[in-house]
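The values are calculated or read from the model by the stated rules, or taken from the named source; none is laboratory data. Predicted model only: the values in this text are computed from it and were never measured. Backbone-built Cβ (ideal geometry, glycine too); neighbour counts: all protein chains shown. Accessible surface areas use protein heavy atoms only, side chains included; no ligands, DNA or RNA. Shrake-Rupley method; radii C 1.70, N 1.55, O 1.52, S 1.80 Å.
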Amino acid sequence: MTSLLLQVPVDAVNWARAQFALTAIYHWLFVPLTLGLALIMGIMETCYYRKRTEFWLKASQFWQRLFAVNFAMGVATGIILEFEFGTNWSNYSWFVGDIFGAPLAIEGIVAFFMESTFVAVMFFGWKKVSAGFHLASTWLTGLGATFSAWWILVANSWMQYPVGYAFNPDTMRNEMTSFVDVALSPAAIEKFSHTVTSSWIVGAAFVIAVCCWFLIKNREHELAKTSIKIAAIVGLAASLLACFTGDGSAYSVAQTQPMKLAAMEALYNGGESQALTGVAWVNPIEQPDYKNEAEPSMRIAVPNMLSILATRTMDGYVPGVNEILNGYTTPDGKTQLSVEEKMKRGREAINALATYRKAKKDGDEATAQQQLASINENMPYFGYGYIEKPEDTVPYIPVCFWAFRIMVGLGTMFIAFFALVLLLVYKRDIAKYKWLHWAAIAALPLAYVASEAGWIVAEMGRQPWTIQDLLPINAAVSNIGSGSVALTFFVFLALFTTLLAVELRIMWKQINGEISSHSTENK
């Protein structure tokens, strides 16, 4: 294992990363709308179940049709994404497959079958099942999609904060020791909460944008105004919840991934009573000279706020990039090794593992036990043994810094946006505000930008790690030629772009079609 992983060319690693990023970005165009529409269409059908009017039936079926189109596209890209773990990241899958595979298996066996079963009842069951059963199927479809997201995010969170596992030197695999620790880790709970609430924002923005298009075209006024009321309430609540869950997620990052937090804040030199950067000039196209710069130029910050967010105290200690690289001791006496020391101990773990396996093969039990002690002592730094130089552990600061501010800035904007829409739709005739209609349509892509920016921060901020501190990307990739990965990259680019174009065309036809003609009474 150890020699094989180091032989993978850099261009093969980069193409594998590019292909996975491409698939993930396209996949995430569909997922948040699925989660967001699931909540709104459930509310719509609940209103129909209570009032049994033609209007609520029509509204329920309309939003469910759009949900179904988006759901199908999300499934297609999601399946490809999971297969790439085996094709392009086989060393990763082999090294931690016993752990990583468990939540993915549950997602596929339980959550996916649950949502795929009930989506069929929801979409084709009108007039074939009772109104109560159909309503239950609609909510269970949304619950299944959310349950599916939970297990995917459990798997992703384990990569960010690995817990509940132990390394077995005989099999050279990491094995699960506690399913509960993996499934209910604080990182998973925080990530799930923030991801789902931010997805509700996307769903609400989508519904409002479609309804404002109806108002621009002077059609479907009742459907548009009623849907805007529901979506604005959902969107405002989701935006406020996203602030709360985002704060919890940032606190979790501060505890488990301090280098990611330092990159997000462009915090080169940390310490006590750290200020939170509002704006600063960080060159977006090159890594800053963090070793020689005290802080970014033109920095405007809120005093003590970063310490409050990261430690829940005004004078809390927050390490910067240089402290993490060089090692530091917190005021309460906790010591963190330098990256160079971690690299040294990681290489000791790798060498001890090789010696252990040879001793076991030769029947030298004494040497094997001696090396096993060294493995156990240095295993927390195993991944650092594959790092070439300390600077490689610093993420690309410009991307993390600006993506974080785009996410937070747009999230704040959406609080004001949904509050304004809610005020106008209840207190005024929203059909008269043409500027708001076009603003709502323009806001929809911004919701996606904010959502994608959040994932860029999450994934780029933990580079160079595939699994935090345990396995860097250069040791996780499959040992395959870069040419084949590059070829499939462009194949997937064409395929995903086609899928996106097909979805947009189908949705456009559904939105511009005669809504009432699709309506059928549920008996």
Point to revise | In region 268-306, the residues that are out of contact with any Lys or Arg (no Cβ under 8 Å at 6 or more places or on another chain), polar (S, T, N, Q) and not in a loop (DSSP other than H, G, I, E, B) | key: 297
Exercise for review: Report yes if residue 109 is without any contact (Cβ under 8 Å) to a residue 24 or more places away in the chain and assigned to a helix (DSSP H, G or I), otherwise no.
Suggested key: yes
**Study point:** Test: residue in region 257-267 that is open to solvent by 10 Å² or more (accessible area, probe 1.4 Å), part of a helix (DSSP H, G or I) and more than 30 Å from residue 443 (Cα to Cα)
**Key:** yes
**Study point:** region 309-323 residues that are touching a residue at least 40 places away in the same chain (Cβ under 8 Å) and under 19 Å from residue 395 (Cβ atoms), paired with ones that are assigned to a helix (DSSP H, G or I) and of a type in the set (Val, Ile, Thr) (beta carbon under 7 Å, 6 or more apart)
**Key:** 318/311
Review point. When only residues in region 443-482 that are charged (D, E, K, R) and not in a helix (DSSP H, G or I) count, which is nearest to residue 96 (Cα to Cα)?
Key: 469
Review point. In region 242-249, is there at least one residue being farther than 15 Å from residue 440 by Cβ, open to solvent by less than 40 Å² (accessible area, probe 1.4 Å) and of a type in the set (S, T, N, Q)?
Key: yes
Revision key, fill the gap. For region 111-150, the count of residues that are open to solvent by less than 20 Å² (accessible area, probe 1.4 Å) and within 23 Å of the chain's Cα centre (by Cα) equals 8
Revision key, fill the gap. Subset of region 123-132, residues assigned to a helix (DSSP H, G or I), touching a helix residue (DSSP H, G or I) at 6+ places or on another chain (Cβ under 9 Å) and over 17 Å from residue 56 (Cβ atoms), comes to 123
Review point. Of all residues in region 272-313, which are on the phi > 0 side of the Ramachandran plot and open to solvent by 60 Å² or more (accessible area, probe 1.4 Å)?
Key: 298, 312
Exercise for review: Could you tell me which of the residues 446, 424 is touching a residue at least 24 places away in the same chain (Cβ under 8 Å) and of a type outside the set (D, E, K, R)?
Suggested key: 446
Practice item. Filter region 470-510 for residues that are farther than 30 Å from residue 393 by Cβ and small (Gly, Ala, Ser) and give the result. Key: 494, 501
**Study point:** Verdict on residue 180 being among the β-branched types (Val, Ile, Thr) and surrounded by fewer than 17 Cβ atoms within 10 Å (Cβ to Cβ)
**Key:** yes
Revision key, fill the gap. Of the residues in region 324-341, those that are aliphatic (A, V, I, L, M) and in contact with a strand residue (DSSP E or B) (Cβ under 8 Å, 6 or more places away or on another chain) come to 324
Point to revise | Out of 197, 226, 171, sole residue that is polar (S, T, N, Q), at negative phi and either in contact (Cβ under 8 Å) with a residue 60 or more places away in the chain or in a strand (DSSP E or B) (or both) | key: 226
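For every residue, the table says whether it meets (1) of a type outside the set (Val, Ile, Thr); (2) at pLDDT 95 or above; (3) out of contact with any Pro (no Cβ under 7 Å at 6 or more places or on another chain); (4) surrounded by fewer than 19 Cβ atoms within 10 Å (Cβ to Cβ).
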| residue | (1), (2), (3), (4) |
| --- | --- |
| 443 | yes, yes, yes, no |
| 447 | yes, yes, yes, no |
| 470 | yes, no, no, no |
| 481 | yes, no, yes, yes |
| 495 | yes, no, yes, yes |
| 502 | no, no, yes, yes |
